Amino acid sequence: MFDVKKVRNDFAMIRNHPDLIYFDNGATSFKPDCVLESLMHYYTHCNSNIHRGDYDISFEASNMYEATREAVKNFLNARKAEEIVFTAGDTASLNTIAYGYAEKYLKEGDAILSSEVEHASDILPWYVIAEKTKAKIVFAPVKEDGRFDLQAYEECLRNNRVRFVALTYVSNVLGYIYPVKEICALAHRYGAVVCIDGAQAVPHLPIDVQDLDMDFLTFSSHKMCGPEGVGVLYGKKELLDKMDPLFQGGGANARFDAKQNVILKETPYKFEAGTPNVSSVIALKDAIGYLQGIGMEELAAYEYELASYFLKRLEECDNVIVYNPHTDTGIVSFNIKGVFSQDAATYFNSKNIAVRTGNHCAKMLVDIIGVGDTIRASFYFYNTKEEIDRFIDVIKETTLEKCIEVVL
Ligand SMILES: Cc1ncc(COP(=O)(O)O)c(C=O)c1O
């Protein structure tokens with residue numbers, strides 16, 4: 001197991017805020033020094049546009065950019081580096097698939113299969129595509145506790161002409177891991193293509209896209225120790241080849257003329273029109289290297305241990321309601337009885353504790369857990385049990401009166 005104390009020292013945000021307890025890692029993660037140094041190195045040593053310059057610093061930047069593609073390929077165990085497309089983030093990746101693939105191939109009467117657990121970024125693009133193509137949206141019913149129901153899912157596949165499945169890998173509110181391998185196998189048996197939103201999974205779990213047989217996988221760099229403004233769209237090469245890009249422009253075309261003939265570049269370059277976020281893509285490689293240095297298995301086990309410890313200690317707090325007492329990951333959602341979640345968060349903030357509250361962009365989940373707003377604590381590998389102990393002390397003393405005092 002890695003040395004958490006040593007790891008914490010790699011993060012300037014932790015060094016600069018020694019008393020801050022940051023439990024909002026589901027929203028975004030801190031960045032280790034190697035990522036910050038990588039950004040600085042690019043801007044001080046090889047700042048140039050990529051794939052366009054016939055000079056050394058551009059060659060260097062281009063090679064580093066492509067090295068990240070190779071690193072992501074290895075991280076996900078994709079077959080080829082061409083299966084990795086860089087976007088502006090998870091949301092951008094999902095929209096690229098929606099407009100470039102789903103809109104092109106779905107027809108009236110087809111179904112897009114989703115679930116009511118999904119984050120806005122993994123449902124709103126499909127709403128638009130459903131309206132444009134006259135396909136319908138079908139929600140796979142989840143179990144009472146919000147866990148995925150494979151039997152109900154298969155029934156949906158059997159009873160509808162499902163051509164596209166869009167589901168999350170890990171719920172950003174409940175922390176449950178969806179059975180992605182079975183989801184993909186069943187979808188393929190019924191002739192559907194599967195797009196997995198990996199925003200809360202790729203930063204926290206070892207992932208093998210070949211073993212899971214996903215067709216598309218999307219995620220953001222900023223939630224996995226990398227810089228903001230970069231996302232990844234993984235797609236099987238044959239699907240990316242038949243898909244259209246979301247944007248047209250420089251860098252993505254091989255030729256065009258005044259008669260409006262356009263020949264696009266090959267996958268993945270046809271998807272990367274315009275100057276990309278070069279520095280951040282390059283630094284994503286350092287983030288991946290950092291996570292691999294810790295070990296994704298170890299990281300996942302440690303985060304689960306933190307969440308289990310937190311849940312155990314929450315049992316001592318009779319002022320708390322927990323919505324996912326059997327989380328699979330480092331995400332725990334709860335409320336303080338009789339206290340609005342945002343008021344509780346404001347009180348926690350007065351004690352230097354950062355958590356996320358509200359509906360967490362999963363606005364349909366209210367029908368499943370029966371409440372629209374929760375407090376979400378989301379742990380990452382640099383959090384500690386000592387931080388949890390401090391949080392528990394604060395939770396125990398939280399009352400409506402104390403919250404009001406801080407809010408007013
Ligand atoms: C499950 C899930 N999907 C999608 C997103 C959107 O990610 P981004 O804002 O990085 O595009 C998030 C962000 O919190 C998420 O948790």
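Yes or no: Ile21 closer than 27 Å to Ile375 by Cβ, at pLDDT 95 or above, open to solvent by 10 Å² or more (accessible area, probe 1.4 Å) and among the β-branched types (Val, Ile, Thr)? Break it down stepwise before answering.
Working: closer than 27 Å to Ile375 by Cβ: yes; at pLDDT 95 or above: yes; open to solvent by 10 Å² or more (accessible area, probe 1.4 Å): no; among the β-branched types (Val, Ile, Thr): yes.
It is false that Ile21 is closer than 27 Å to Ile375 by Cβ, at pLDDT 95 or above, open to solvent by 10 Å² or more (accessible area, probe 1.4 Å) and among the β-branched types (Val, Ile, Thr).
Looking only at residues of region 142-180 that are within 15 Å of the ligand (Cβ to nearest atom) and among the polar types (S, T, N, Q), we find that the one that is surrounded by the most Cβ atoms within 10 Å (Cβ to Cβ) is Ser171.
Just need a number here: residues in region 237-279 that are surrounded by fewer than 19 Cβ atoms within 10 Å (Cβ to Cβ) and either basic (Lys, Arg) or not in a helix (DSSP H, G or I) (or both). I'd like the intermediate steps shown before the answer.
First pass over region 237-279, keeping only residues surrounded by fewer than 19 Cβ atoms within 10 Å (Cβ to Cβ): 237-239, 241-242, 244, 246-266, 269, 273-275.
With the extra rule that they be either basic (Lys, Arg) or not in a helix (DSSP H, G or I) (or both), the set shrinks to 237, 242, 244, 246-266, 273-275.
Selection size over region 237-279: 27.
Look at Cys184 and say whether it is open to solvent by less than 10 Å² (accessible area, probe 1.4 Å) and either modelled with pLDDT of 95 or more or in contact with a Cys (Cβ under 6 Å, 6 or more places away or on another chain) (or both).
Working: open to solvent by less than 10 Å² (accessible area, probe 1.4 Å): yes; either modelled with pLDDT of 95 or more or in contact with a Cys (Cβ under 6 Å, 6 or more places away or on another chain) (or both): yes.
Taking the combined requirement at face value, the residue satisfies it.
If you go through region 98-139 and keep only what is in contact with a Phe, Trp or Tyr (Cβ under 6 Å, 6 or more places away or on another chain) and in a helix (DSSP H, G or I), you end up with just Ala102. Residues considered: Asn74, Asn95. Of these, the only one that is open to solvent by 10 Å² or more (accessible area, probe 1.4 Å), out of contact with any helix residue (DSSP H, G or I) (no Cβ under 8 Å at 6 or more places or on another chain), closer than 30 Å to Ala166 by Cα and part of a helix (DSSP H, G or I) is Asn74. Across region 321-343, the number of residues qualifying as surrounded by fewer than 19 Cβ atoms within 10 Å (Cβ to Cβ) and assigned to a strand (DSSP E or B) comes to 2.
So in region 344-378, with the set limited to residues that are assigned to a helix (DSSP H, G or I) and at pLDDT 95 or above, which one is nearest to the ligand (Cβ to nearest atom)? Working first, answer last.
We begin by selecting, within region 344-378, every residue assigned to a helix (DSSP H, G or I); these are 344-350, 366-369.
Filter again for at pLDDT 95 or above, leaving 344-350.
On the way: Ala344: 20, Ala345: 16, Thr346: 21, Tyr347: 24, Phe348: 20, Asn349: 20, Ser350: 25 Å.
Among those that are assigned to a helix (DSSP H, G or I) and at pLDDT 95 or above, it is Ala345.
Condition check for Ala135 on (1) at pLDDT 95 or above; (2) within 16 Å of the ligand (Cβ to nearest atom): one failure, at (2).
The values are calculated or read from the model by the stated rules, or taken from the named source; none is laboratory data. Predicted model only: the values in this text are computed from it and were never measured. We place every Cβ from the backbone using ideal geometry, glycine too, and count neighbours over all the protein chains shown. Side chains included, ligands, DNA and RNA excluded: accessible areas come from the protein's heavy atoms. Shrake-Rupley method; radii C 1.70, N 1.55, O 1.52, S 1.80 Å.
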